[in-house]
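J.: Structure below; questions to follow.
Throughout, read-outs are computed from the coordinates displayed, never taken from laboratory work. Since the model is a prediction, treat every value here as computed from it, not as a measurement. FYI the Cβ positions are ideal-geometry reconstructions off the backbone, even for glycines, and counts take in every protein chain you see.
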Amino acid sequence: MPYIYKPEGKICPRKIKVTLNGDVVEDVDFEGGCDGNLKALRRVVRGKTVSEIEELFTGIDCNGKGTSCSDQLAKAVRKAYELGKK
């Protein structure tokens, strides 16, 4: 079942939809944002674990905003995973 995450901070995507199988990302979809970059990010994360995504993307900053699309994606997959364990 997909999890819808509302990003925090001033990033372009309004929502991130995450679909997991256990701790592995099956798919992500972004509502809004830079289409080309987010399509690439989507390809990169498919098949990766939540931990792998966190290692790659946590803490990445976009133009001094304190977060980024990829940083928010790391938060989204963690939240989806934690909710899925309950």
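J.: Note down the magnitude of the dipole of the chain about its Cα centre, charges +1 on Lys and Arg C-beta and -1 on Asp and Glu C-beta and zero elsewhere, to the nearest 20 debye.
T.: Roughly 260 debye for the chain.
J.: Between Lys79 and Cys12, with labels modelled 7 Å along Cα→Cβ, what's the label distance in nm to one decimal, could you check?
T.: So the label points at Lys79 and Cys12 sit 2.1 nm apart.
J.: Could you sort 4-10, 15-21 so that the peptide with the highest average Cβ count within 10 Å comes first and the rest follow in order?
T.: Packing order, densest peptide first, comes out as 15-21, 4-10.
J.: So, one more: When the helices in the chain are scored as -39500 (n - 2.57) per DSSP H run of 4 or longer and the sum is shared across all residues, what 222 nm value do you end up with, to the nearest 500 deg cm²/dmol?
T.: That calculation yields -13000 deg cm²/dmol at 222 nm.
J.: For segment 36-44, just list the computed ³J(HN,Hα) in residue order, Karplus coefficients 6.51, -1.76 and 1.60, θ = phi - 60°, integers in Hz, with x standing in for Gly and Pro.
T.: x, 5, 6, 5, 5, 4, 4, 5, 5
J.: Note the full-extension length gain between Ile4 and Asn21 as 0.36 nm times their separation in residues minus their Cα-Cα distance, in nm to one decimal.
T.: 4.6 nm
J.: Now a separate question. How long, wide and thick is segment 3-85, going by the Cα atoms along their three principal axes, in whole angstroms, largest first?
T.: 33, 21, 20
J.: Hey, another quick one. Starting from the 7 Å offset along Cα-to-Cβ, what nm value, one decimal, do you get for the label separation of Ser51 and Cys34?
T.: My value for the distance between the label points is 3.1 nm.
J.: Among Arg46, Arg78, which comes first, then next, by fewest other beta-carbon atoms within 10 Å?
T.: Ranked by crowding around the Cβ, least crowded first: Arg46, Arg78.
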